Amino acid sequence: MSTHSSRLAARIMVAPSVVLLFIWMAVPLAMTLYYSFRLYRLLSPDRTGWVGFNNYLWFFNSPEFWLALWNTLALVGGVLVVTVVLGILIALLIDQPVKGQGLLRILVIAPFFVMPPVAASIWENLFMHPQNGLFAALARGFGAQPILFLENHPMLSVIGIVSWEWLPFATLILLTSLQSLSSEQLEAAEMDGASAFNRLRHIILPHMTRAITVVILIQTIFLLGIFGEIFTTTQGGPGSASTTLPYMIFKQAIAAKDIGRAAAGGIIAVILANIVAYFLMRGIGRHLDA
Amino acid sequence: MARAVSPRRRMFTTIAAWSVALIIFFPVLWMILTSFKTEASAVASPPELFSADWTVENYVEVWSRSDYPRFFWNSVVISLGSTLLGLAIAIPAAWAMAFVPGRRTKDLLMWMLSTKMMPAVAVMIPLYLLFLRLGLIDTRIGLVLALMLMNLPIIVWMLYTYFKEIPGEILEAARMDGASLPKEILYVLTPIALPGIASTLLLNVILAWNEAFWTIVLTTTKAAPLSAFIASFSAPQGLFYAKLSAASTLAIAPILILGWFSQKQLVRGLTFGAVK
């Protein structure tokens, strides 16, 4: 059915999507690249000019940058570990026949539908707040000092909040994969005397490899850009303790109003995303030949 | 893998599963409960559950005394508008890629997805400046465009995986009967693909409603949707916990309801059919 005319029609139908996405990606990227080599501060708009790699060097020489880089990787890695491990355990648990399965699953996936600023605000105000939070009340109930979550453990707190948001996604996908596992195979293994641990290791986990890969790939895409949760809770602080690369760029652009530096940071973020994507595809992409 | 299990084990797993589910859901539940308390009751120490003063006053106040309805309608317009516009552009593209695949269709799809890998913050400044130049800052149109483009790769991918499953023979039969191309899409393809289009619509409305980067960067007050409103709402030392909770509950309620109805399609959509 691919006559010449239908080929042409197909091209015309694909064109708007491709052209729009290309503009959406290429124009801002080219502008970012251009600004990253320029002196461009909104507070002193008259002084402009080429500055070579100075904006990049500022990042590499700034201790905050290396902390932000580490925080970004810690956030992605921490959330991935928590959500995949807990996701597997919870998927195994709720795959069992239990009463009220429908409502149970709705409760488990609910956090995924909570918008990031609301999720962050619930945790910040209702749970982690040192005076009025539930955790503080709990601590006082045991006669202990309330933990200052966002002040003393900002990164761990953010990782916790983001993990709560993404746990349902991981659980849901791992559960879907688990449901396609044939029960005969498991029963046969059980009859042959395979222990629960061995069944998990040699049958269930290999079956879930593809689903785990999907979870890691998709979550990494979204986690590298985490912004709203930090904006709402710690604002990157105290100091720079919870500043990630996206948040550091945001601060350069909005607070310092230094467009050149923010642009250089943007290019560094693009390169970082590409490096992560490269290693991801090399490391686990082979599980995903669709 | 449903298997016959002993009643004792079934009871144990039921208790364990429900405990886990309640722990995960608890923050949302606590927020909803807090939204029905008086402000004094909301910050009482120790926390009040059964002894609390219950009220719906917070909802009345949030809805009537602030700009809340405007933020709410901005959210509705922006998430629905960006999704419908995205569908209008993506349906022909996905149709063409699914039924008239060329040699480079797979590469094109991968390229589209790769645009999602680019951190939004990296292109924030140029986009802000472009929007400023075009007069699109703090306008609903601007946000509709931005969120449409942000989600376009996902919309195309989802539709592509749904269309791919429609047998080509049905379309050929229609063509034999003399249906033109627009008629073929409108009367033959669309009804068959409607469930797929519906779940694409649902998921992308959810993604657009919950988007909290572009909405914060590209709006100030007029066009700001709920995600930007809540993000900038800071409760000074717990003075407005109950009202904040009521505003938050209203902000997530439409999406919670939509999401619960569409959880099955959601898995397929979000994984581009990679996990069945």
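Here are a few things to note about the model shown:
- In plain terms, the bigger the Kirkwood radius, the slower the diffusion; for the range B:45-120, with that radius from Cα pairs, at 37 °C and 0.692 mPa s, Stokes-Einstein puts D at 187 µm²/s.
- With contributions of -39500 (n - 2.57) from each DSSP H run of at least four residues, the per-residue ellipticity at 222 nm computed over chain B stands at -22500 deg cm²/dmol.
- Calculated [θ] (222 nm, deg cm²/dmol) that DSSP helices of n ≥ 4 give over chain A, each run adding -39,500 (n - 2.57): -22000 deg cm²/dmol
- For the range A:135-290, Kirkwood radius (reciprocal of mean inverse C-alpha pair distance, Å): 19.2
- Label-to-label distance, residue A:61 versus residue A:138, with points set 7 angstrom from Cα along the beta-carbon direction: 4.7 nm.
- Ranked by how many other Cβ atoms sit within 10 Å of their own Cβ, fewest first, the residues A:268, A:147 fall in the order A:147, A:268.
- Base-10 log of normalised Debye intensity for chain A (one unit scatterer per alpha-carbon) at q = 0.10, 0.11, 0.12 Å⁻¹: -0.75, -0.87, -0.98
- For chain B: relative contact order, % (alpha-carbon pairs under 8 angstrom, 6 or more apart): 30
- Relative contact order of chain A, pairs being alpha-carbon contacts under 8 Å that are 6 or more residues apart, as %: 29
- Rounded to the nearest whole angstrom, the semi-axes of the ellipsoid equivalent to the range A:17-93, taken from the Cα gyration tensor as √(5λ), stand at 38, 22, 9, largest first.
- Partner chain coverage, peptide B:254-261 - average Cβ within 10 angstrom: 4
- Cα centroid of the range A:118-185 to Cα centroid of the range B:50-92, whole Å: 25
- For the range A:77-82, 3J(HN,Hα) computed residue by residue from phi via the Karplus equation (6.51, -1.76, 1.60; θ = phi - 60°) reads x, x, 5, 4, 4, 4 Hz, glycine and proline entered as x.
- Folded to 0 to 90 degrees: helix B:140-164 orientation relative to chain B principal axis, Cα: 60
- Here A:187, B:61 are placed in order of increasing Cβ neighbour count within 10 Å, fewest first, which gives A:187, B:61.
- Residue mean of other protein chain beta carbons inside 10 Å, A:16-23: 6
- Note: chain B, Cα convex hull, 199 Å³ per residue.
- Trypsin sites (Lys or Arg not before Pro) within the range B:25-131, DSSP loop, no more than 15 other Cβ atoms inside 10 Å: B:103, B:104
- Under Karplus coefficients 6.51, -1.76 and 1.60, residue-wise ³J(HN,Hα) of the range A:155-169 in Hz, glycine/proline x: 5, 4, 5, 5, 4, x, 4, 5, 4, 4, 5, 9, 4, x, 4
- Alpha-carbon Rg/Rh ratio, for the range B:154-213, with Rh computed the Kirkwood way: 1.12
- The ratio of the alpha-carbon radius of gyration of the protein assembly as shown to the globular-protein estimate 2.2 N^0.38 Å is 1.02.
- For residue B:37, the amide hydrogen comes within under 5 Å of the amide hydrogens of B:55, counting only partners 5 or more places away or on other chains and with H modelled in the peptide plane.
- Within the range A:192-275, the trypsin sites (Lys or Arg not before Pro) that combine a DSSP coil assignment with at most 16 other C-beta atoms in a 10 angstrom radius are A:257.
- Per-residue ³J(HN,Hα) for the range A:42-58, Karplus 6.51 cos²θ - 1.76 cosθ + 1.60, θ = phi - 60°, Hz, x for Gly and Pro: 5, 7, 9, x, 7, 8, 10, x, 7, 10, x, 9, 4, 4, 5, 4, 4
- Amide H contacts under 5 Å for residue A:38, placed H, 5+ residues apart: A:51
- By the compact-protein rule of thumb, 2.2 N^0.38 Å, the alpha-carbon radius of gyration of the range A:149-198 corresponds to a ratio of 1.90.
- Dividing the Cα radius of gyration of the range B:42-186 by 2.2 N^0.38 Å, with N the residue count, gives 1.59.
Values in this text are rule-based calculations from the coordinates and carry no lab data. Every value quoted in this text rests on a predicted model; they were computed, and no experiment measured them. Cβ: placed from backbone, ideal geometry, glycine included. Neighbour counts: every protein chain shown.
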